[in-house]
1. Do you know which of the residues in the range 359-404 that are small (Gly, Ala, Ser) and without any contact (Cβ under 8 Å) to a residue 60 or more places away in the chain is surrounded by the most Cβ atoms within 10 Å (Cβ to Cβ)?
2. When the residues of the range 252-274 are filtered to those that are closer than 19 Å to Thr55 by Cβ and β-branched (Val, Ile, Thr), which remaining residue is farthest from the chain's Cα centre (by Cα)?
3. Checking the structure you have, find out if any residue of the range 245-259 is among the small types (Gly, Ala, Ser), touching a residue at least 40 places away in the same chain (Cβ under 8 Å) and assigned to a helix (DSSP H, G or I).
4. Please go through the range 106-132 and pick out each residue that is modelled with pLDDT of 95 or more and of a type outside the set (Asp, Glu).
5. Evaluate the range 219-242: report whether one residue or more is within 30 Å of Glu305 (Cβ to Cβ), at pLDDT 95 or above and crowded, with 21+ Cβ neighbours inside 10 Å.
6. Can you tell me how many residues within the range 156-197 are in a loop (DSSP other than H, G, I, E, B), more than 20 Å from Thr51 (Cα to Cα) and touching a Ser or Thr at 6+ places or on another chain (Cβ under 9 Å)?
7. Please identify the pairs in which a residue from the range 106-124 that is on the phi > 0 side of the Ramachandran plot has its Cβ atom under 9 Å from the Cβ atom of a residue that is of a type outside the set (Lys, Arg) and surrounded by fewer than 24 Cβ atoms within 10 Å (Cβ to Cβ), counting only partners at least 6 apart or on another chain.
8. Taking the stated definitions as given, is Ile327 surrounded by fewer than 16 Cβ atoms within 10 Å (Cβ to Cβ) and at pLDDT 95 or above?
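The values are calculated or read from the model by the stated rules, or taken from the named source; none is laboratory data. These figures come from a predicted structure and were not determined experimentally. All Cβ positions, even for glycine, are placed from backbone atoms using ideal geometry, and neighbour counts span all protein chains on display.
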Amino acid sequence: MQQMQQLKKILKQFVSQEFINNFYHLPKAILANIYYGFPAGGIKVIGVTGTDGKTTTANMIYQILKAAGKKVSMVSTINVEIAGKSYETGFHVTSPNPFAIQRFAKAAKDNGDQYLVLEVTSHSLDQYRFWGIKFEVGVITNVTHEHLDYHKTFENYFNTKLKLIHDAKVAVVNGRVREVKGIRGKALTFGLNKGDFNQREVKLKLKIPGDYNIENALAALTVAFVLNIKKEIAKKALEKFTGLKGRMEEIKNSKGIKIFIDFAHTPNGLKQALIALKSQKKGRIIALIGAEGFRDEGKRAMMGEVAQKMADIVIVTAVDPRGLIEIINAQISQGAKKAGAKENKNFFIINDRQKAIGFAINNLAKKGDTVGIFGKGHETSMNIDGKREIPWSDAEVVRWIISTS
């Protein structure tokens, strides 16, 4: 009896939910490749991964290739551009399933596309969703704290990200990422101050704010170099880039305040977004933040601390709480209090996201202030109770609040 219990315990360690997911996705990916005839063959595929900046970098690369007159398709979290047509993704912060990936690849190949740009998450790498695709270029924008609910340790998360570049012909890596070993192809680096492509030498002048976006652009510029795109064409395309829906998206208004919607949902992403807002502010920074239920708990207090240190006022509210709103907000509050939060003075907890946004705009913000609404960005649904997704749009809510106040 005791031996049976030990055996069950051992099996439980190996047959985890992650193992089941991976085992499920691998044969699915193999079948998808067979069904669609391994369509990625003959196309130069560029994969982009990282904790933050994946979507923006993928779109920047896509725009550069289009500006260079190349036939190119792209799959990102926000948008899919395949064979000259645009599609709504419906993705909720993830990569598509293997059959969707291969279907998109086949459509691109049938169109005679030369390039395919893919945003690649750590979950998809771990679950073999991109099996069968050989990457011409693999890009790592950065690797910081995120998804430890799934990967368990930062080391596991880091090593999963590296899977993208180990077999790529060329690896393009942020110079701030610690030393990477085991790369079989050529490696190039980028960064603000150092790297093969750096801002001190390139001197990009972007329309979108933030040093993190300069890093994203430098990553895209490095890819352009690898693909033999003229530097002048690439640089011009980057400097014309006006940003993406839900990524530091400004909502214009007549209140005399600035309102930005951004997807920042990691400690590093939030920090970089707030640095960008502080660099152009006149008045106070009001930050509206939250965290997801049944996701990386370790980042919650970190988010609170980052926001409280960098913003003048912080509002904690719902971001897909999945029935855990009280627990999540209490954990965020711990980090905020560590950084000097004083409840109902410079720190507020409002569980209802619509009410929280209204409070920030109508009750707190004064002329010259900046309101940063973080965590949802482009997403069109929110999970409040853990049972269902309800329609949601930060941009629509903001515009409704402005129009009715």
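1. Quick first cut of the range 359-404, residues small (Gly, Ala, Ser) only: 360, 365, 368, 372, 375, 377, 381, 386, 393, 395, 403.
Right, trim to without any contact (Cβ under 8 Å) to a residue 60 or more places away in the chain and you get 393, 403.
Numbers: Ser393: 18, Ser403: 8.
By that ranking, first place goes to Ser393.
2. Ranking the candidates gives Ile261 first.
3. Within the range 245-259 (the criterion being among the small types (Gly, Ala, Ser), touching a residue at least 40 places away in the same chain (Cβ under 8 Å) and assigned to a helix (DSSP H, G or I)), the answer is no, since none of the residues qualifies.
4. Those that are modelled with pLDDT of 95 or more and of a type outside the set (Asp, Glu): Lys106, Ala107, Ala108, Lys109, Asn111, Gly112, Gln114, Tyr115, Leu116, Val117, Leu118.
5. As a first pass, look at the range 219-242 and keep what is within 30 Å of Glu305 (Cβ to Cβ): 219.
Applying the additional criterion that residues be at pLDDT 95 or above yields 219.
Right, trim to crowded, with 21+ Cβ neighbours inside 10 Å and you get 219.
Yes, the range 219-242 contains at least one residue that is within 30 Å of Glu305 (Cβ to Cβ), at pLDDT 95 or above and crowded, with 21+ Cβ neighbours inside 10 Å.
6. Here the count works out to 1.
7. Hits for this filter: Gly112/Ala83.
8. Values: surrounded by fewer than 16 Cβ atoms within 10 Å (Cβ to Cβ): yes; at pLDDT 95 or above: yes.
Here the answer is yes, as Ile327 does meet what is asked.
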